[in-house]
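Data block below; observations after.
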2 protein chains.
Amino acid sequence: MTRNESGPSDRDIMQLPPLIQAFVLHFGEMGSRWGINRTVGQIYALLYVSPEPLNADQIVEALGVSRSNVSMGLRELQAWNLVKVRHIPDDRRDHFATPGDVWEILRVLAEERKKREVDPTLSVLRELLMQAPASEAERHAQARMAEMHGLIEQLTNWYEDVKKLETERLAQLLALGSRVARLVEATDKVVSLGRRKRKE
Amino acid sequence: MTRNESGPSDRDIMQLPPLIQAFVLHFGEMGSRWGINRTVGQIYALLYVSPEPLNADQIVEALGVSRSNVSMGLRELQAWNLVKVRHIPDDRRDHFATPGDVWEILRVLAEERKKREVDPTLSVLRELLMQAPASEAERHAQARMAEMHGLIEQLTNWYEDVKKLETERLAQLLALGSRVARLVEATDKVVSLGRRKRKE
DNA sequence: CTGGACTTTCAGAAATTTCTGAAATCCGTG
DNA sequence: CACGGATTTCAGAAATTTCTGAAAGTCCAG
């Protein structure tokens, strides 16, 4: 039974508590800077602060957007692995929730953004670097591309590496911040000392 | 998505070497995923691989877009600190170039994206966390916001920390990858051992 | 000043993205 | 297998963003 009360007036966000409304609206506006649209941002924010999974109609009512828009938004969020379907006993409708652990969310975000924003460029660069330059201009361009490729590869290698760490260790590393540099410095000395015996 | 498919229109990119053209076109298409528009992406790519600074008209000719569009694109890239003006002796026109060092570019990008994508959210979260929750729903929402805020703050603190490192050290750190975790682990032991006697 | 080389601004056109309602599809039940 | 609730699809409407040409602005040499 759908208790679909027609909205009292306009299409605005309805009776959400002000705190939640502010949060949802902010994510909606931020959405564009993050490459997602307003509705998707709002849906995500709403699910993120919701104590239990919501179904599509609840989202429609809370945000005041069309059912089909919510459907598409949820679809996109699922493609991003940012929401998952939960089933509630004795309820045929799909319910949706965000992962509870913020670290998990961070991992998913990093992974997906890398997949969409970095990997394609990396692969184009690789391809272009394979070709033989046909002029001085192309040679120079390729050298620049090689620089870019090298940097991105270093970054992604590092990322692939640290993403394997358990959250516990990751947090420790974060907490260390640049103090870790001192460690590296120390290691560096040891290494370069060792190297000096053979070379230089 | 793409407008200029294979039309031999005179508005297309002109006599760029194929390698450079491919690079420029890729950055144009990637632009949308990066929150910049096609022209801005293309301008950046073009300047990035150019051996010397270009003036606006050269960009117009290379990309086949309007002069005003180039002007706006350059303006945006300058706002991002991704291109700088260079002056060529005996030439009144402004010339533009990207920073040569890819690490410098990385720093600029990180800084600007943080400024645009993270800082506003952090400040909204802080503000919302100050308010007294008026209901159980708000209380729960605030708890979730606090989790998010905590994580973002940890990340930005880490970032503020490591961005101070010289490129040299930064590269070392990257190269270490997750092996740094072992160092941390070891240090952890040493430190906790040492703490019983003395420090550092 | 004035003329000309260079650049920016801006209103509207063009392109793209987002959103919607209606229709179609799916799927378990009676 | 027909019914009905739940969901998705999709064509077009609405909103937003990007792009352009024309006009205005800037700056300097003469």
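The values are calculated or read from the model by the stated rules, or taken from the named source; none is laboratory data. What you are looking at is a predicted structure, and each value in this text was computed from that prediction instead of being measured. A quick note on method: Cβ atoms are made from the backbone with ideal geometry, for glycine too, and the neighbour counts reach across all protein chains shown. To get the accessible areas, we keep the full protein, side chains included, count just its heavy atoms, and leave off ligands, DNA and RNA. Shrake-Rupley method; radii C 1.70, N 1.55, O 1.52, S 1.80 Å.
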Which residues, counting only those in the stretch A:55-76, are more than 11 Å from DNA strand C (Cβ to nearest atom) and of a type in the set (Asp, Glu)?
A:57, A:61
Working only within the stretch B:21-42, note down all residues that are more than 12 Å from DNA strand C (Cβ to nearest atom), touching a residue at least 24 places away in the same chain (Cβ under 8 Å) and open to solvent by 40 Å² or more (accessible area, probe 1.4 Å).
B:36
Using the structure shown, decide if residue B:15 is away from DNA strand D (no atom under 12 Å from the Cβ), loosely packed, with under 15 Cβ neighbours inside 10 Å, within 26 Å of residue A:139 (Cα to Cα) and within 14 Å of chain A (Cβ to nearest Cβ).
yes
So, residue B:83, is that one open to solvent by less than 60 Å² (accessible area, probe 1.4 Å), more than 11 Å from DNA strand C (Cβ to nearest atom) and within 8 Å of chain A (Cβ to nearest Cβ) or not?
no
Does residue B:103 meet the test of being touching a residue at least 60 places away in the same chain (Cβ under 8 Å) and not small (Gly, Ala, Ser)?
yes
Residue within the stretch B:51-70 that is open to solvent by less than 10 Å² (accessible area, probe 1.4 Å) and over 25 Å from residue A:136 (Cα atoms) present
yes
Name every residue in the stretch A:117-171 that is closer than 27 Å to residue B:156 by Cα, facing chain B (nearest Cβ under 7 Å) and not in a helix (DSSP H, G or I), in order of residue number.
A:164, A:165
Give just the number: which of (1) surrounded by fewer than 13 Cβ atoms within 10 Å (Cβ to Cβ); (2) more than 7 Å from every other protein chain (Cβ to nearest Cβ) does residue B:112 not satisfy?
(1)
Within the stretch A:120-161, restricting attention to residues that are surrounded by 16 or more Cβ atoms within 10 Å (Cβ to Cβ), in contact with a Leu (Cβ under 7 Å, 6 or more places away or on another chain) and among the hydrophobic types (A, V, I, L, M, F, W, C), which residue is farthest from residue B:104 (Cα to Cα)?
A:128
So residue B:149 passes all but one of these: (1) modelled with pLDDT under 95; (2) touching a Lys or Arg at 6+ places or on another chain (Cβ under 9 Å); (3) over 22 Å from residue A:145 (Cα atoms). Which condition number does it fail?
(1)
Could you tell me whether the stretch A:88-105 includes any residue that is closer than 23 Å to residue B:36 by Cα, within 7 Å of chain B (Cβ to nearest Cβ) and of a type in the set (A, V, I, L, M)?
no
Restricting to the stretch B:55-107, and then to whatever is of a type outside the set (Gly, Ala, Ser), in a loop (DSSP other than H, G, I, E, B) and within 14 Å of DNA strand D (Cβ to nearest atom), can you tell me which residue is farthest from residue A:156 (Cα to Cα)?
B:90
Checking residue A:45 against (1) surrounded by 15 or more Cβ atoms within 10 Å (Cβ to Cβ); (2) within 8 Å of DNA strand C (Cβ to nearest atom); (3) closer than 23 Å to residue A:108 by Cα: exactly one of these is not met. Which one?
(2)
